[in-house]
Amino acid sequence: MDSSAPMLENVFGISWLNFNLSNILMMFIASAIVFILCVLGARSLKMKPTGGQNVMEMVIDFVRGLISDTMDWKVGKMFLPLGLTLITYILVGNMLGVMTVVSFNGEVWWTSPTSDPGITLTLAGMVIVLSHYYAIKMRGMKEYSASFFKPFWPFLPINIVSELSNTLTLGLRLFGNIFAGGVLLGMLASVTGGSVLGFVLGAVPMLAWQGFSIFIGGIQAFIFTVLTMVYISQKVTSD
Amino acid sequence: MSALAAAVAVGLAALGAGIGIGLTVSKTVEGIARQPELRGQLQTTMFIGIGLIEAMPIIAVVIALMVM
């Protein structure tokens with residue numbers, strides 16, 4: 001498991017510009033799977049839904065429930081595509097690493113895209129930036145900047161730190177859960193594949209931890225979406 | 001020595017988060033037992049709370065990795 005990532009370093013001769021090729025590959029694969037599944041689910045819509053359309057409707061209803069729990073549906077309906085994208089992408093991304101890990105020449109190529117802090121922190125940062133954008137757009141610049149001085153002005157540094165820590169915890173929670181799950185799966189796999197005794201002792205924990213990883217992946221996708229909606233609703237709704 | 005420090009950091013964080021999540025879930029179960037019709041709402045709130053609590057041990061793990 002102690003293998004490195006396939007890094008492409010110093011692109012275009014710039015000394016700090018590095019790319020993790022495995023991340024890029026897995027982001028493309030996860031996006032492609034989500035796209036194909038959603039197109040299959042939304043193709044040939046009927047009044048009496050069957051198969052894929054049923055699943056799509058269930059997912060949309062679920063996200064809709066999450067949003068209307070946290071904010072007014074009149075405001076919240078514009079965030080339905082965002083929530084839907086986040087929950088499907090993160091769920092598929094988490095599942096990819098639970099199923100298989102492929103390494104080639106000692107470099108891990110196929111793993112969860114969400115087990116890299118860069119991707120999860122980018123997602124979290126985008127969500128927080130988006131919440132600020134909608135706060136300015138829907139409440140006006142004056143009310144938005146006044147919200148930093150609530151409940152009264154000495155709270156300004158605390159409010160700024162809370163924004164930063166929101167971003168950090170939102171990204172690191174997803175990363176930590178998926179990464180830790182992947183590390184433990186790799187350890188169990190090396191024990192199970194090592195010897196006959198290892199197989200006997202390791203097979204059952206391996207299966208159990210895979211099941212638990214699927215559960216964790218689902219919960220983390222859910223929590224990420226819920227917290228996104230909570231953060232946005234804190235910004236968007238005025239009290 | 002740094003491995004020891006990392007182990008202590010992760011262990012204490014896991015201890016605290018375990019107690020915290022245990023309290024959260026036990027109170028939620030009590031609430032559901034009292035009012036079973038609020039189950040869905042209580043569960044959503046519980047998962048949000050667990051998500052917030054869980055951030056602490058995760059950050060501790062990151063700090064431990066940095067120490068090592």
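Here, each number is a calculation from the coordinates, and none is a lab measurement. Every value quoted in this text rests on a predicted model; they were computed, and no experiment measured them. Cβ: placed from backbone, ideal geometry, glycine included. Neighbour counts: every protein chain shown.
Of the set (1) loosely packed, with under 13 Cβ neighbours inside 10 Å; (2) within 24 Å of the chain's Cα centre (by Cα), all apply to A:Ser195 but (2).
Quick one: in the stretch A:43-88, which of the residues that are of a type in the set (D, E, K, R) and buried (at least 16 other Cβ atoms within 10 Å of the Cβ) is farthest from A:Asp116 (Cα to Cα)? Before you say what the answer is, go through the steps one by one.
Kept after step one, since they are of a type in the set (D, E, K, R), are these residues of the stretch A:43-88: A:43, A:46, A:48, A:57, A:61, A:64, A:69, A:72, A:74, A:77.
This time we only want the ones that are buried (at least 16 other Cβ atoms within 10 Å of the Cβ), so: A:64, A:69.
Details: A:Arg64: 29, A:Asp69: 30 Å.
By that ranking, first place goes to A:Asp69.
Comparison of B:Ala6, B:Ala14 shows that the only residue that is in a helix (DSSP H, G or I) and surrounded by 17 or more Cβ atoms within 10 Å (Cβ to Cβ) is B:Ala6. How many of the residues in the stretch A:10-69 are within 14 Å of chain B (Cβ to nearest Cβ) and within 19 Å of A:Leu123 (Cβ to Cβ)? So the count comes out to 3.
In this structure, does B:Ile21 turn out to be under 16 Å from A:Val230 (Cβ atoms), more than 9 Å from every other protein chain (Cβ to nearest Cβ), out of contact with any Leu (no Cβ under 8 Å at 6 or more places or on another chain) and in a helix (DSSP H, G or I)?
Numbers: under 16 Å from A:Val230 (Cβ atoms): no; more than 9 Å from every other protein chain (Cβ to nearest Cβ): yes; out of contact with any Leu (no Cβ under 8 Å at 6 or more places or on another chain): yes; in a helix (DSSP H, G or I): yes.
Criteria not met by B:Ile21.
Cβ contacts < 8 Å: first residue not hydrophobic (A, V, I, L, M, F, W, C), restricted to the stretch A:129-156; second residue not in a helix (DSSP H, G or I), any location; separation 6+ or different chain. Result? Within 8 Å, the pairs are A:Arg139/A:Ser238; A:Glu143/A:Ser238.
Filtering A:Leu91, A:Leu121 for residues that are crowded, with 16+ Cβ neighbours inside 10 Å and more than 14 Å from chain B (Cβ to nearest Cβ) leaves a single hit, A:Leu91. Out of the residues in the stretch A:149-172 that are of a type outside the set (A, V, I, L, M) and either surrounded by 15 or more Cβ atoms within 10 Å (Cβ to Cβ) or under 30 Å from A:Thr114 (Cβ atoms) (or both), which is farthest from the other protein chains (Cβ to nearest Cβ)? Looking at the filtered set, the residue picked out is A:Asn159.
Among what's in the stretch A:88-103 and is in contact (Cβ under 8 Å) with a residue 40 or more places away in the chain and not in a helix (DSSP H, G or I), pick the residue that is farthest from A:Met206 (Cα to Cα). Steps first, answer last, please.
At the first step, the residues of the stretch A:88-103 found to be in contact (Cβ under 8 Å) with a residue 40 or more places away in the chain are A:88-98, A:101, A:103.
If we keep only those that are not in a helix (DSSP H, G or I) too, we end up with A:101, A:103.
Values: A:Val101: 14, A:Ser103: 19 Å.
The extreme case among them is A:Ser103.
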